[in-house]
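Data block below; observations after.
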Amino acid sequence: MPDARHHLERTTPLDPRIRLLPQSAHPDAARVLAARALRSFADGFVSILLPAYLLALGFDALAVGVIATVTLLGSAGMTIAVGALAGRVAIRVLLLAAAALMAGTGLGFAGLQSFWPLLVVAFVGTLNPSSGDVSVFLPLEHTLLSRAVDDRDRTALFARYSLAGTLAAALGTLFAAAPDVALARLGLDPLSAIRAMFVLYAAIGLATVLIYRRIGPLPVAEDAKTSRLLGPSRRIVYRLAALFSLDAFAGGFVVQSILALWLFQRFDLSLALAASIFFWSSVLTSLSLLLAPRVARRFGLVNTMVFTHLPANFILLAIPFVAELWLVIALLLMRSLLSQMDVPTRTSYVMAIVTPAERPAAASLTSVPRSLASAASPALAGYLFLASSFAWPLLLCGVLKIVYDLSLLAMFRHLKPPEER
């Protein structure tokens, strides 16, 4: 396969001083990682503050789940639109528009209190109730990164991309305790303190605009200029999209906002304690992401996806049957060591088994169904939490994810990317 970097129009040579990226990475890859880190920091504190904010406004668990669902539905709709525009509008322009929308989303949540206006902003905005990135930014950045590095370094770059987001999200979750600090030291009321955090979210959106403005022009791949559709890899991508949708539907039952909601209601957690739990969970996830490329090189991408994911899902199955908070926290932390190692390997696998011309379409077609599928479950999770004190959403998530893991192994264990053949 030709050098992936020839698809990028260089304005500056590779900087040999860059040590945090693979040697073949284009400088724009560093800019994408910086933007991802900023957005993930914002997503980290918003995913915890969102249920706390809505509960403080007087909404119940079902309303929290509905807003989380609508948020994910909106992200899926935006990703569909981006997929349709990707061949006609520069990726840099689409990223700038998404970042501006992020700023507007933060201001909308800071200034509104009624359910229906908040629901509208949730649908058209970029709010992310998940600990991972399920936003419109994802397929755009994946496409750019896949052309910004040689094939041999692709998995390593995607691992760094995931690592940057996870570490920043960890700091963001820790920062979710800021309203409690402001309440204690500055005398602010809880709602005003949380609204200030949404203003910060808007400011971070503006900061990402400045970063994306420095990204150079990115032409489409040579044979993608005449076709934006999938070609020889169509059936493979559709099967992967179906499996990823099952995984995402299951994951929607335990997106970070929903998991925080359960902890708030089940154990009456404070914002500070919840922030601490999710911080250490993200730190442990970050450590696992460092290992993902090495494990993938040794055992293969599909094996890494499946055999790190399965133990994490069995751990999740045990949590609903545990009554002690300390043991729940321990199990959540154990799960975080394994549950996200499939993220960079999954992205790398999709980019590896399609042609360069198909990568934008493949990124979009594997992201959109995931967003749509994950959008269906938070509202159902909110209803289940309202109807029963038992953690049915966690149990359902674990069972469905195990089905996904075994199906992925059965269908794709023999389909290896070029570098593994």
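The values are calculated or read from the model by the stated rules, or taken from the named source; none is laboratory data. Since the structure is predicted, the reported quantities are computational estimates derived from the model, not experimental observations. Ideal geometry is used to build each Cβ from the backbone, glycine not excepted, and the neighbour counts take in all protein chains shown. Heavy atoms of the whole protein, side chains included, go into the accessibility calculation; ligands, DNA and RNA do not. Shrake-Rupley method; radii C 1.70, N 1.55, O 1.52, S 1.80 Å.
Please go through the stretch 292-328 and give me each residue that is of a type in the set (Gly, Ala, Ser) and touching a helix residue (DSSP H, G or I) at 6+ places or on another chain (Cβ under 8 Å), ordered by number.
ALA292, ALA296, GLY300, ALA312, ALA318
Among the listed residues SER364, SER348, which satisfies the condition of being open to solvent by 10 Å² or more (accessible area, probe 1.4 Å) and at pLDDT below 90?
Going through SER364, SER348 in turn, the sole match is SER364.
Conditions tested, residue by residue: (1) at pLDDT below 90; (2) open to solvent by 10 Å² or more (accessible area, probe 1.4 Å); (3) outside any helix (DSSP H, G or I).
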site	(1), (2), (3)
ALA275	no, no, no
SER288	yes, no, no
ARG294	yes, yes, no
ARG298	yes, yes, no
VAL306	no, no, no
ALA312	no, no, no
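Restricting attention to the stretch 76-90, report how many residues are part of a helix (DSSP H, G or I), more than 16 Å from PHE123 (Cα to Cα) and not aliphatic (A, V, I, L, M).
1
Restricting to the stretch 169-201, count the residues that are closer than 20 Å to LEU33 by Cα and buried (at least 19 other Cβ atoms within 10 Å of the Cβ).
So the count comes out to 5.
Yes or no: the stretch 76-91 includes at least one residue that is in contact (Cβ under 8 Å) with a residue 60 or more places away in the chain, of a type outside the set (Gly, Ala, Ser), surrounded by fewer than 24 Cβ atoms within 10 Å (Cβ to Cβ) and in contact with a Phe, Trp or Tyr (Cβ under 7 Å, 6 or more places away or on another chain).
Checking the stretch 76-91: not a single residue is in contact (Cβ under 8 Å) with a residue 60 or more places away in the chain, of a type outside the set (Gly, Ala, Ser), surrounded by fewer than 24 Cβ atoms within 10 Å (Cβ to Cβ) and in contact with a Phe, Trp or Tyr (Cβ under 7 Å, 6 or more places away or on another chain).
Looking only at the stretch 41-75, which residues are of a type in the set (A, V, I, L, M, F, W, C), in a helix (DSSP H, G or I) and open to solvent by 10 Å² or more (accessible area, probe 1.4 Å)?
PHE41, ALA52, LEU55, ALA56, LEU62, ALA63, VAL66, VAL70, LEU73
Which pairs do you get when a residue that is closer than 21 Å to ALA52 by Cβ and touching a residue at least 60 places away in the same chain (Cβ under 8 Å), found in the stretch 373-401, comes within reach of a residue that is of a type in the set (Lys, Arg) and outside any loop (DSSP other than H, G, I, E, B), reach meaning Cβ atoms under 9 angstrom, with the pair 6+ apart or on two chains?
PHE385/ARG266; SER389/ARG266; ALA391/ARG266
Of all residues in the stretch 104-116, which are open to solvent by 10 Å² or more (accessible area, probe 1.4 Å), of a type in the set (Gly, Ala, Ser) and assigned to a helix (DSSP H, G or I)?
Within the stretch 104-116, GLY104, GLY108, ALA110, GLY111 meet the criteria.
Is it true that ALA29 is surrounded by 24 or more Cβ atoms within 10 Å (Cβ to Cβ), under 30 Å from ASP153 (Cα atoms), touching a residue at least 60 places away in the same chain (Cβ under 8 Å) and of a type outside the set (Ser, Thr, Tyr)?
Criteria met by ALA29.
Please indicate, with yes or no, whether at least one residue in the stretch 233-246 is without any contact (Cβ under 8 Å) to a residue 12 or more places away in the chain and either under 27 Å from ALA164 (Cα atoms) or of a type in the set (Gly, Ala, Ser) (or both).
no
Considering only residues that are crowded, with 24+ Cβ neighbours inside 10 Å and outside any helix (DSSP H, G or I), which ones fall in the stretch 148-166?
Result: ALA148, VAL149.
Listed here are the residues, each with its yes/no results for (1) modelled with pLDDT of 90 or more; (2) under 27 Å from VAL149 (Cα atoms); (3) more than 23 Å from the chain's Cα centre (by Cα); (4) buried (at least 20 other Cβ atoms within 10 Å of the Cβ).
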position	(1), (2), (3), (4)
VAL354	no, yes, no, yes
PRO360	no, yes, no, yes
SER371	no, yes, no, yes
ALA375	no, no, no, yes
ALA381	yes, no, no, yes
LEU394	yes, no, no, yes
ILE402	yes, no, no, no
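Can you pull out the residues in the stretch 330-347 that are within 15 Å of the chain's Cα centre (by Cα) and either under 20 Å from ARG235 (Cβ atoms) or assigned to a loop (DSSP other than H, G, I, E, B) (or both)?
Answer for the stretch 330-347, where residues must be within 15 Å of the chain's Cα centre (by Cα) and either under 20 Å from ARG235 (Cβ atoms) or assigned to a loop (DSSP other than H, G, I, E, B) (or both): SER339, GLN340, MET341, ARG346, THR347.
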